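Visitor: Supplied in structure tokens, the structure appears directly below.
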Amino acid sequence: MYRNERFQFSGKHHPYIINVFIPEQPVPDNGFSVLYILDGNAYGTLFSEMIKLQSRSSEKTGIEPMLLVSIEYEGGEPFHSNRVYDFTPSAAEVELPARPDGSSWPEHGGAEKFMDFLEAELIPFIHNKYKTNQQKQTIFGHSLGGLFVLYTLFQRSRLFSLYFACSPSIWWNKQAILSYETNINDKHVKGVFIAAEPVENKQMYANGLAMYENLSGCNKDLKTAFFAPERENHMSIVPAVFSRGMRFLHG
């Protein structure tokens, strides 16, 4: 069983709701592993139910009980426009494709401020309130969230030990993420898992595979994996790869 606690943070640019799912069982000697979930409005409850079911038989599933930290926005929509600001790096010039619905892009370029929030406020709050395993701190992000996962890996890899990027939007601003160093010097990082759909968006697949090959080539001691499930699209890929990615990272 899991219990749920909710907290509000004002943030420097906009507020956040932090939804924490805590296993109702004795805390391991080295503390609970932690999974930080971006786009928590969409994935927080989904992942908590998946972890809750599979952690009942950890010896079979490879999924252990863990603390889940769902980072959410105010309102009921699964993907808030504030995510575009939080998950995208700033740049002197930004070139973006037209959006499918013809609308303009929301404000963007706030990834550094979002990392500041994680490093200075949220992560210390979680560490101080709950007993957590410092060696098993995972961040999950999908699409633009996946882009932010990679950006954090390259810019502040010390923040997490395990990185899970699902269908990362490497295309953002003409693939500007590729200009960042891909040699991870922080020995605190233990694993990187990248997944991308091979059917709906060939560019997403090609970019994700190339990023994996670059990372694995530059970081021989780092545990890395790339997974492309057949017949999954940009949304269905998330539940399809979640368990596999968590088993790989925590195995």
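Visitor: Filter the range 28-47 down to the residues that are under 17 Å from Gly145 (Cβ atoms) and not aliphatic (A, V, I, L, M), then identify the one that is most open to solvent (accessible area, probe 1.4 Å).
Guide: Thr45
Visitor: Please work out which residue is nearest to Ser236 (Cα to Cα), limiting yourself to the range 172-184 and to residues that are touching a helix residue (DSSP H, G or I) at 6+ places or on another chain (Cβ under 7 Å) and touching a residue at least 60 places away in the same chain (Cβ under 8 Å).
Guide: Taking the candidates together, the pick is Trp172.
Visitor: Here's another thing I want to ask about it. Taking the range 213-240 as the region of interest, how many residues are more than 15 Å from Lys190 (Cα to Cα) and either acidic (Asp, Glu) or assigned to a helix (DSSP H, G or I) (or both)?
Guide: 9
Visitor: Related question: Might you check whether a residue that is touching a strand residue (DSSP E or B) at 6+ places or on another chain (Cβ under 9 Å), open to solvent by less than 50 Å² (accessible area, probe 1.4 Å) and either modelled with pLDDT under 95 or closer than 16 Å to Gly11 by Cα (or both) occurs anywhere in the range 88-110?
Guide: no
Visitor: In the range 48-77, which residues are modelled with pLDDT of 90 or more and surrounded by fewer than 15 Cβ atoms within 10 Å (Cβ to Cβ)?
Guide: Glu49, Leu53, Glu74
Visitor: Do you know which residues across the range 111-131 are surrounded by 15 or more Cβ atoms within 10 Å (Cβ to Cβ) and part of a loop (DSSP other than H, G, I, E, B)?
Guide: If the condition is that a residue be surrounded by 15 or more Cβ atoms within 10 Å (Cβ to Cβ) and part of a loop (DSSP other than H, G, I, E, B), then Tyr130 is the only one that fits.
Visitor: Quick one: Lys174 ticks every box in (1) at negative phi; (2) modelled with pLDDT under 95 except a single one, so which number is it?
Guide: (1)
Visitor: Let me ask you something else. Return yes or no: is Tyr205 touching a residue at least 12 places away in the same chain (Cβ under 8 Å), in a helix (DSSP H, G or I) and in contact with a strand residue (DSSP E or B) (Cβ under 6 Å, 6 or more places away or on another chain)?
Guide: In short, no.
Visitor: Testing Val189 on (1) open to solvent by 20 Å² or more (accessible area, probe 1.4 Å); (2) hydrophobic (A, V, I, L, M, F, W, C); (3) outside any strand (DSSP E or B); (4) free of Cβ contacts under 8 Å to residues at least 60 places away in the same chain, one condition comes back false. Which one is that?
Guide: Only one criterion is unmet by Val189, namely (1).
Visitor: In the set Glu181, Glu197, which member is open to solvent by 50 Å² or more (accessible area, probe 1.4 Å) and of a type in the set (D, E, K, R)?
Guide: Glu181
Visitor: Just to be sure I understand, how many residues within the range 152-171 are open to solvent by 10 Å² or more (accessible area, probe 1.4 Å) and either under 16 Å from Phe114 (Cβ atoms) or in a helix (DSSP H, G or I) (or both)?
Guide: 6
The values are calculated or read from the model by the stated rules, or taken from the named source; none is laboratory data. Note that the structure is predicted; figures quoted are calculated from it, not measured. A quick note on method: Cβ atoms are made from the backbone with ideal geometry, for glycine too, and the neighbour counts reach across all protein chains shown. These accessible areas exclude ligands, DNA and RNA; they are computed on the full protein's heavy atoms, side chains included. Shrake-Rupley method; radii C 1.70, N 1.55, O 1.52, S 1.80 Å.
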